[in-house]
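None of the figures in this text is laboratory data; all of them are computed from the coordinates on show. Just so you know, these numbers come straight off a predicted model, no measurement behind them. No Cβ is skipped: glycine too gets one built from the backbone with ideal geometry, and neighbour counts run over all protein chains shown.
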Amino acid sequence: MRLVKSSVIEWKAAAACLAVLIVIVVQALGLGAVWPQELAEPRLDEEIVKQEKIFQRRGADVPSGYITNRGLSDYAELLPTGFCDALGRLGSPDRWLDIGAGAGQAILDYYAPPDPAAPAEKCALPGDLASAVAMSIEDRRTAAWHQLAASLGERIRYLTGKSLRHYSVEELGKFQIITDVFGGFTYTADLSRFVEKVLSLLEVGGGFYTLVPGVHLEGGDKLGTWYLTELEDAGGRPEKVCSWLKKTACVQVTCESKSDWKRPTELIKVEKVCSDVSVPRMKLVEFEAGYPPDRRFQLEQ
Ligand SMILES: C[S@@+](CC[C@H](N)C(=O)[O-])C[C@H]1O[C@@H](n2cnc3c(N)ncnc32)[C@H](O)[C@@H]1O
């Protein structure tokens, strides 16, 4: 019996040595992507901690590519066709959530348009406006935000200190429009849960307007592209963000491929058409912190 036990221990030790050897060879060959899962996970955690540190940078420490003050006219240019009209149609009983709002400049412009002749004008016709919620992990409120919030009271809110997944539907309520411009959809390490939460916060008939930079486009790819977000199916074959989203139950997805932008970008509108939403689960395979991060996800079986 003791003999059997000790040979099992020896086999286990040999297998562990072999695993270490494989990792050394794989590293030497630069094949980091095929690391065993248990060795890859601490590396993912480290990158996610690095990402959190990027969110918290302040003043001169904020990387120039980490832009937090895009206004409503930028949103009108960056979001899918129809966003401005849809926002313009909302009235006082309605609600708009901006996930990853940064300084909340788009909401400030909605309430106090800086230039009535600017293209964003039709997003915010004077008069009956929706109430708006800005959400940002880190607090980037400016004096202008505090001033407007003091005059508008409950019409605008700024939620900070945690990411979308930590809020419940009961806490936030439901929205007619949800936007995300280089926010959670671009930065999350859990894409399917993120979309699931967004859809749970959307009223049936409401729309989620977003974009994803550096992805395989529905309308075809440009040669020599550096991808930021890559998806693959369960067999490891490339999957487009739009084809994945279109597998979600109870939504209507429209994509506009921008192949001539600096980074190929998909502008996406997801309309919720019924309440029984179910998003095909994607698991995180790679994550490298950045602004935005590099991410790779794989469809679960
Ligand atoms: C690059 S800034 C973009 C700010 C703004 N949308 C703009 O275009 O100026 C990224 C924003 O996304 C937020 N963010 C990233 N991941 C998030 C998540 N999972 N939940 C909520 N906010 C998130 C950050 O806190 C920050 O406010």
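Below, the figures for the structure above:
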item	result
³J(HN,Hα) computed for each position of the stretch 53-60 - Karplus, 6.51 cos²θ - 1.76 cosθ + 1.60, integer Hz, glycine/proline x	5, 4, 4, 8, 5, 10, x, 5
Cleavage-rule hits (trypsin sites (Lys or Arg not before Pro)) in the stretch 210-271: DSSP loop, at most 14 neighbouring Cβ within 10 angstrom	LYS222, LYS247, LYS262
Given charges at beta-carbon only (K, R positive; D, E negative), |dipole| of the stretch 192-287 in Debye	100
Residue-wise HN-Hα coupling along the stretch 295-301, computed from phi with Karplus coefficients 6.51, -1.76, 1.60 (Hz; x: Gly, Pro)	9, 9, 10, 10, 5, 6, 4
5 angstrom amide H check on GLU138, placed H, neighbours 5+ away	GLY161
Pairs of Cα atoms farther than 14 Å apart, the stretch 174-228, %	61
Rg/Rh for the stretch 170-301, where both radii come from Cα atoms and Rh is the Kirkwood radius	0.95
The stretch 139-155 - phi-based ³J(HN,Hα) in whole Hz, Karplus 6.51/-1.76/1.60, Gly and Pro as x	7, 10, 5, 9, 4, 4, 4, 4, 5, 5, 4, 5, 7, 9, x, 6, 5
